[in-house]
Each structure stands twice: as structure tokens, then as C-alpha cells.
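The values are calculated or read from the model by the stated rules, or taken from the named source; none is laboratory data. None of these values were measured; they are calculated from a predicted model. Neighbour counts are summed over all protein chains in view; Cβ atoms, including those assigned to glycine, are modelled from backbone coordinates with ideal geometry.
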Amino acid sequence: MGPTASGKSALAMALARSLEVEIISVDSAQVYRDMDVGTAKPTTAERAAVPHHLIDIIPPTEAYSAARFRDDALRLAADIGARGKLPLLVGGTMLYFKALREGLSDLPEADPAVRAALDAEAALRGWPAMHAQLAYIDPETAARLEPRDAQRIQRALELHRITGRAPSELFAGRRKREAPFRLIEIALVPSDRAELHRRIEARFDAMLSAGLVNEVRALREKYTLSPDIPSMRAVGYRQAWDFLERNFDTTELRNRGIYATRQLAKRQLTWLRSTPGQTFDCLDPELETKVLEFVKRKLGQ
């Protein structure tokens, strides 16, 4: 686990050189086909060297949930174990890790009528206003969500309208379903936040150079998309979409993309502070050696 640009993929490939593993992606954007540049997917060579799972499994018109991830990850982990290998889960979508570790709440199914009403209201008022409505109903849940996080704001308001209870109250009452195998949890955290920011800048610059805007343009031509669906709200894609719609200059695109990525990293690090597991400095030049030694000790090797 770790924030964006912390070197998770490189560390995973290093572990794969010493251990018999297959990698399960824990990334809510890498599940989408044709979204390659902005998601920093493993290269063709890396995927040929080590089996990777939960990458390119759905089109960007669909949604992928934490519940679906948990089901897929548990199934894949069992399959990988049956092949005599270790499932290595790698990514930065902290909600997915939490779902795997603790299970999910037993919540009401989606109600199309309620969702349609919420969508109509949001079209008139905007999602920041819907976020303010959620803050009045449930300040705790609203504080965890961005004002433009349409998918999660909608779900929280939907739960309230269906049950009459605050979403935070429903979440607190969930029944935990622990993963049916032992987890060795490794968190990559930078000792120098400024260096992580430099990595983020270099990473976003590389995405722009590799054609992020052209990728979003091609996605808009190939699929029926909108800026409110989950795939297009991913960091980088949201900013590139706005660039194509509003025609501001590339400097502003770069600044917006880097800022959004920094904010994502900040949220990821906040999650990690309350997450169990062994923490390693992702900037440590001895990182690969130390993590491999730690994992081998845990495995009894």
C-alpha cells in the first residue's frame, strides 16, 4: 500500500524476482480498458514477466465497486494460492484494501428511483450543493468526501433517503468479515513529503508527454462518457476533460493535475496512518532489500 508515486509497482516487480507471486492490482482506475497513460499501468514487458490481475477488465462506461473488488480479489487469491504462488496485492485505492481486510456493510441495494431523483436534483443544484446537504444530515460522512465526488455523495444521500439513518451510523454497525487468509501488510510512506511531491510532478509531466490529453480525446470519441462517471473522475482524466471542454492553457492543466495528485496522495497517507501493517520509507535506497527480508521473515523462509 502507498500513495501515488511512492514506487509500489517497482517494489512489487522487485519482490517478484525473488518470490513466486502473481500481482492483483488494487487500483480503481487500472480496471478500465483504454485508460493506460493516466493510470500508469504496468508495461507490456512487466505483465509478461509476472501475471497481473484486475487490469483492463471493464470499459470506462461501467462502474467498479469496493464490493466487487473484494469478491474478485478473494477469488483470485484462492486461485493463485492453488497454483502454489503468493497473491501480491499492490495499489493505492485504500478503500479496496479496507474492504478486503474488514468486509463491507450490509447496506440496502441501489434504488433506481431514488438515484434518478438525486441526479435530477444535482443537475439543477450541482454536486457541491448536494455535498452541503449531506453535511447537514451527516457531517462525519461529508467530511470524508470531496464536494464533487458525485458517486459517493449520491450513495450516502441514497442510503439516508432509503433508511432515514445517517450513513456513518450504518457503516458503524457493519459486521466485519475478515479475509480468509493471513495478510502481510506493507505501507510505503515517504520520509520527505517534498521529495514525494517532486516525484508527483515528474510523473504527471511524463503522462502529459506520453499523450494524456490525446488519450482522453480518444476515449470521448470511442465511448459515451460524461465528466461525472467514475472513470472520468480519476485524477488526471478529470483535469484533461476540463482542458478539452474549457480550452485553458497547458500550464494550467499541468498545475491542476499536479495539485489534484498531491491531494490524492495526502488522502492516501491519511488512510495509511490508521491502517495496520509495517511501514517502510519509500525513499530509502535499501527499500527493496528491507521489504524482501521482512516478507521472508513473515513467511518463515
Of everything in region 260-277, what is in contact with a strand residue (DSSP E or B) (Cβ under 9 Å, 6 or more places away or on another chain) and of a type in the set (A, V, I, L, M)? Give them in sequence order. 269, 272
Considering only residues that are of a type outside the set (Phe, Trp, Tyr), within 16 Å of the chain's Cα centre (by Cα) and part of a helix (DSSP H, G or I), which ones fall in region 91-127? 94, 95, 98, 99, 100, 101
Test: residue 159 is outside any loop (DSSP other than H, G, I, E, B), at pLDDT 90 or above and surrounded by fewer than 16 Cβ atoms within 10 Å (Cβ to Cβ): no
Select, from 75, 83, 125, 115, the only residue that is exposed (fewer than 15 other Cβ atoms within 10 Å of the Cβ), out of contact with any Gly (no Cβ under 9 Å at 6 or more places or on another chain) and touching a residue at least 40 places away in the same chain (Cβ under 8 Å). 83
Suppose we keep only residues that are among the hydrophobic types (A, V, I, L, M, F, W, C) and part of a helix (DSSP H, G or I) within region 53-72. Which one would you say is surrounded by the fewest Cβ atoms within 10 Å (Cβ to Cβ)? 67
So is residue 292 hydrophobic (A, V, I, L, M, F, W, C), in contact (Cβ under 8 Å) with a residue 12 or more places away in the chain and buried (at least 18 other Cβ atoms within 10 Å of the Cβ) or not? no
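Residue by residue, here is whether (1) surrounded by 17 or more Cβ atoms within 10 Å (Cβ to Cβ); (2) under 21 Å from residue 287 (Cβ atoms) holds:
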{"residue": "209", "(1), (2)": "no, no"}
{"residue": "243", "(1), (2)": "yes, no"}
{"residue": "267", "(1), (2)": "no, no"}
{"residue": "272", "(1), (2)": "yes, yes"}
Region 201-236, subset in contact (Cβ under 8 Å) with a residue 12 or more places away in the chain and of a type in the set (Asp, Glu), residue farthest from residue 264 (Cα to Cα): 215
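Could you tell me whether residue 261 is out of contact with any Leu (no Cβ under 9 Å at 6 or more places or on another chain) and over 21 Å from residue 216 (Cα atoms)? Before the answer, list the steps.
Values: out of contact with any Leu (no Cβ under 9 Å at 6 or more places or on another chain): yes; over 21 Å from residue 216 (Cα atoms): no.
No: the conditions fail for residue 261.
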Surrounded by 13 or more Cβ atoms within 10 Å (Cβ to Cβ) and either part of a helix (DSSP H, G or I) or assigned by TED's automatic domain parsing to the domain that holds residue 148 (or both): which single residue out of 188, 253 fits that description? 253
All-but-one check, residue 88 against (1) among the hydrophobic types (A, V, I, L, M, F, W, C); (2) in a loop (DSSP other than H, G, I, E, B); (3) in the same structural domain as residue 277 (by TED's automatic domain parsing), failing number (2)
Looking only at region 267-289, count every residue that is more than 20 Å from residue 100 (Cβ to Cβ), touching a residue at least 12 places away in the same chain (Cβ under 8 Å) and part of a helix (DSSP H, G or I) and tell me the total. 2
